[in-house]
1. For the range 63-116, just list the percent of Cα-Cα distances falling in each 5 Å bin from zero outward, please.
2. So how far apart, in nm, are the two label points at Tyr87 and Ser17 if each is 7 Å from Cα heading toward Cβ?
3. Go through the range 111-168 and name the GluC sites (Glu not before Pro) that are in a DSSP coil and have 10 or fewer other Cβ atoms within 10 Å of their Cβ.
4. What size of dipole, in debye to the nearest 20, comes out for the range 80-182 about its Cα centre when the only charges are +1 on Lys and Arg C-beta atoms and -1 on Asp and Glu C-beta atoms?
5. Going from the alpha-carbon gyration tensor of the range 47-157, what semi-axes, largest first and in whole Å, does one get by taking the root of 5 times each eigenvalue?
6. Longer than 21 Å from Cα to Cα, which of Lys101/Lys129; Lys103/Lys178; Lys101/Lys126; Lys101/Lys180 are they? Say none if no pair is.
7. Tally up the carbon and sulfur contribution to the accessible surface of the range 126-181 as a whole percent, 1.4 Å probe, everything protein left in place.
Amino acid sequence: MKNIYKIVALVGVSVLSASCFNKERPNYQFMPNMYQAVPYEAYSEVSTSVFADGMEAQLPAEGSIPRGFQPEVYPNTPEGLAEARLYLKNPYPDSEMNIEKGKELYSIYCSVCHGPKGDGQGTLVKNEKFLGVPNYHDRDLTEGGVYQVITYGLNSMGSHANQLSQHERWLVTDYVLKLKSE
């Protein structure tokens with residue numbers, strides 16, 4: 001008789017524990033925040049209290065640079081431009097310089113002002129939106145100076161560092177020097 005009570009109790013516990021089992025959602029979760037993250041509403045007081053000093057985002061670590069970024073050698077100063085004109089040389093071998101790609105990039109970013117031939121007679125100059133755009137044939141251009149101006153801009157020309165990678169800026173520089181020699 002005692003054995004029957006033990007068997008009934010064992011079956012009852014088994015049925016009870018099996019009835020609570022759900023494959024969709026387990027009863028016990030190890031580190032439940034990994035399964036259901038705590039959401040924060042953007043710009044709410046709770047979200048700003050998570051970060052230090054109530055900031056909406058954290059600053060990157062001091063001295064860190066984005067992946068693939070290489071800092072420029074010369075600063076954005078008149079002295080930096082003068083040094084770049086004298087000393088900055090193309091780090092890529094001639095085999096990596098693709099004239100067709102440089103021409104394509106030039107036509108997208110530069111020819112609107114400088115013209116397709118580098119004569120300073122682009123569409124915006126002809127429509128008198130910009131005046132005083134230089135003719136490459138009248139200038140003493142060096143590869144370092146052209147690269148520095150494309151990178152940081154000069155006078156009314158803005159920087160193209162955000163639109164063009166360093167290699168693409170060297171491609172455009174190579175094409176500008178080719179236009180000057182024609």
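The values are calculated or read from the model by the stated rules, or taken from the named source; none is laboratory data. What you are looking at is a predicted structure, and each value in this text was computed from that prediction instead of being measured. Positions of Cβ are backbone-derived with ideal geometry, glycine not excepted, and every protein chain shown enters the neighbour counts. All accessible areas refer to the heavy atoms of the entire protein, side chains included, with ligands and DNA or RNA removed. Shrake-Rupley method; radii C 1.70, N 1.55, O 1.52, S 1.80 Å.
1. Histogramming the range 63-116 at 5 Å steps yields 4, 14, 13, 13, 27, 23, 5, 1, 0 percent.
2. According to this spin-label approximation, the distance is 7.7 nm.
3. Values: sites: Glu128, Glu143, Glu168; in loops: Glu128.
Sites meeting the loop and neighbour criteria: Glu128.
4. For the range 80-182, the charge dipole is close to 200 debye.
5. 35, 20, 16
6. In this structure, Lys101/Lys129; Lys101/Lys126 exceed 21 Å between Cα atoms.
7. Working: 1380 of 3090 Å².
C and S fraction of accessible area: 45 percent.
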